[in-house]
Amino acid sequence: MTTTATNSERHDGASPFRGLDLCAAIGLRVRLGGRGPAFEQDVWNFADASDLAAYMAKPHKRWNFGAIRNPVWRVVAKEYLVALLVPSHDAVCELPAAYRVARTVPGCVNKHYELIRWFNWLTDQGITELGQVSEHLCEVYIAERRRGDGKSLGDRRSTVNSAVQVISGLVQYHALFSADRLPAGFLPFGGKAAAAVAGLKTPIENSTPVVPDDVLQPVLAAALYVVDVLGPHVVELNTHMRAERARIRTLPEPRNPGMGLLRAAIEQRVVDGRPFSRIPHQVEQIVRRTPAQPDGPLADLSLRDVAIDAGFGHFRTEWLTQLRPALERAVPLVGVEEPLGRDAAAVARADGRGDVAWTVPLSDRHARALTDVVRTACLLVIAAATGMRSSELFELTLGCRLPPEEKAPGMRRYRLAGKVIKHRGYGGEADEWVVVAEVHRAVALAEQLLGEDVEPGMLLFGRTSFKNTYGTFRRWVSGPAGDRLGLAPIPDRKVELRMLRRTLAVGIAYRPGGLLAAKLALKHISVVTTEGYAGRPGGVQAKFLAEVGKEEQKRNLDVLIEEMTNYRNGIRPSGPHAKNLLEFFDTVDGKLTDEQRAAPKIVVTVQELRGMLSKRAKTLHLGVANYCWFTDPSKALCLRLAGTPDADKPLIGMCDSARCPQATHHPCHRQVWAQAVESTTVFLGNLSRGQKAEKSRLGADLARAKRVLAEIDANSGTASTDEV
């Protein structure tokens, strides 16, 4: 049913928000000397707000309500947004249906645009008062938004959802508006929620995919190569470019120089064998239309560089006639080449096939593009190895590298200082990330790429469109430059920062105790979030854990097949459970032999072997120094020590594998035990005579470690001629 508001129903009083300082009301700090927007202004400019996240684009900080053609509705739009931003205001608190959680400035940007679009569409339909809006009119508007620019419905659902939210919001807050309002009782879309109108369904799992291995491997390999090998050369090139530009600015203006000086400079190039510089691309189209630019063999020649060689700031047009003969003789002898990166140093190719110059000669434009490629490589290394959100990456500033901490000889801990933005209020909260050395080097390189005119707190990456910069990086790696350097091409598939974050989360969670480690590394509020990126028990987290369990089972099968292969090659396990494991291998070997005798045509494949080993693989748990075959919980030493004999998993961190009847040692564990022997020996040697109890305990540990090490060595050297 259509409802129309009468003039008596309109509320033409003053706005409850008049004179409101928006930044003060929202809780945003303003830079010294700056000012925030006031409610009455038709343009709200948040550019001076210092607490907004760095990833927020400058255009999104400037809200132009003047774009709404009906001045009455500008007030309505501003009141609606203030109600969302400041729900604690007295006028908003009185509304029973108002949201009580404050929306953020970035979260209201799209609502601001939707309001402009909706109100101007009403104006185009001849509507002058909100009381004239009908349910049919709302349906027509949403139908137009749904069609959009011809994209499919699936691509327009979020757009439709945003449009419906704004219309429903104007109904929800109608009692607040002072200039115009929708009629009381107006119920568009039959009272359905915006998501239902748009056809959106609440996802039951995290829809962000991981980066496939065939994409991740060449991306990270290329990024690390660019950072470690090319990065220092690009920094040196940028330093040279800045110094050269500074030198040219000091050159005098040409007045009446003799042609002899210019001819001498041309001849000196021939003597030195230096090619002339090619005309810069950015001025090529302009200069080709001027009489000063020669044609023929001199068409690509940069005349300005000819003047610079002679010590002048620029080339005068009247010189060309007198210098043409000398130039036409010199150019065929030395040629014309891009000015930067000549005589580049040799570097090792990424594929190990010899050395190659780190770059071919570059123009100024291509040198800047190469700098962007290196900066993107830094961003990729940091994102992939830390799992930082995009908001956290773009908050990294000059000086965010903290001094390395020497934890032990040859062992350093690297940390970055930054901010966590998500769920931490305006401005975020200062935090630190423990990172690997590769990330520390990438941040150092990104700082050097900022150049010389830098200030403390300057952003490393600024407001960057990762989609565009990654596309440039991928094309460079997959193009002639990457091929010349031996880089593997990167498949043309989507890679996003959030995909790198999810890939790291899955990779960490794959390891024992990985969920808690991922929660700490990714700075999630709750480990439940880590289990599935914000899911319900039995929903996303169950699916996520099932994925992890599936991967663990696959890994365990691979480990068991490897040990079966070692068994056939005469390499035996050691440890208390070794006899049971060998009996299991004998049984499997016997079954395979019996099947071959009964059916000679059967080919025993790896898949058949996996089927026979799969049940046993479910009992395998990997420890740092042993394998635990958790076949009988009542025999698990760790559970008996912990007083939890009914647990369904071992406490692998408490394992005493030299005594536990379900533990085995293998050649892959030798290094751990060898290090234990070495470190325990050093500790024993440092003890004083009075530390008898400590000496006794360490002596027992050393004897045990030596015994385990000897057993591993003895069984690894056992020869066997058994054949399947």
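The values are calculated or read from the model by the stated rules, or taken from the named source; none is laboratory data. Quantities reported herein were computed from a predicted structural model and do not represent experimental measurements. Glycine gets a Cβ as well: all are built from the backbone with ideal geometry, and neighbour counts include every protein chain shown. Just the protein is used for accessible areas: all its heavy atoms, side chains included, with ligands, DNA and RNA removed. Shrake-Rupley method; radii C 1.70, N 1.55, O 1.52, S 1.80 Å.
What to note about this one:
- Rounded, prolate or oblate (a/c below 1.5 giving rounded, otherwise prolate when a/b exceeds b/c) for the range 606-713 by Cα gyration tensor: oblate
- GluC sites (Glu not before Pro) within the range 627-724: DSSP coil, no more than 15 neighbouring Cβ in 10 Å: Glu723
- Expressed as a whole percent, the accessible area of the range 11-140 that falls on carbon and sulfur atoms is 51 (1.4 Å probe).
- Lys422/Ala143 FRET efficiency (R0 30 Å; Cβ-Cβ; nearest 0.05): 0.30
- Based on protein heavy atoms only, the range 84-216 ends up with 48 Å² per residue of surface accessible to a 1.4 Å probe.
- Cβ-placed point charges (K, R +1; D, E -1), dipole of the range 203-247 about Cα centre in debye, nearest 20: 480
- The overall shape of the range 351-448, judged from the alpha-carbon gyration tensor, is oblate: a/c is not under 1.5, and a/b is no greater than b/c.
- Accessible surface computed residue by residue for the range 388-478, with neighbouring protein chains in place and a 1.4 Å probe, gives 53 Å² per residue.
- Fully extended contour minus Cα-Cα distance, from Arg555 to Asp701, at 0.36 nm per residue: 49.5 nm
- Computed over protein heavy atoms with a 1.4 Å probe, the carbon and sulfur contribution to the accessible area of the range 327-410 reaches 50%.
- Of all accessible heavy-atom area on the range 611-703, the percent that carbon and sulfur account for (1.4 Å): 55
- Under Karplus coefficients 6.51, -1.76 and 1.60, residue-wise ³J(HN,Hα) of the range 629-636 in Hz, glycine/proline x: 9, 7, 8, 9, x, 5, 9, 6
- Here the dipole of the range 311-356 is about 100 debye; that uses its Cα centre as origin and unit charges on the Cβ of Lys and Arg (positive) and Asp and Glu (negative).
- Radius 11 Å from Cβ of Ile68, net charge of other residues (Lys, Arg +1; Asp, Glu -1): +3
- Under the combined filter of DSSP loop state and at most 15 neighbouring Cβ atoms within 10 Å, the range 412-493 retains these GluC sites (Glu not before Pro): Glu452.
- Spacing of the two label points (7 Å from each Cα toward its C-beta) at Ala674 and Gln268, in nm: 6.2
- Where the range 605-710 is the region considered: accessible area per residue in Å², 1.4 Å probe: 58
- Model label points for Ala369 and Thr587, set 7 angstrom from Cα along the Cα-to-Cβ axis, are 6.5 nm apart.
- Here the dipole of the range 409-477 is about 440 debye; that uses its Cα centre as origin and unit charges on the Cβ of Lys and Arg (positive) and Asp and Glu (negative).
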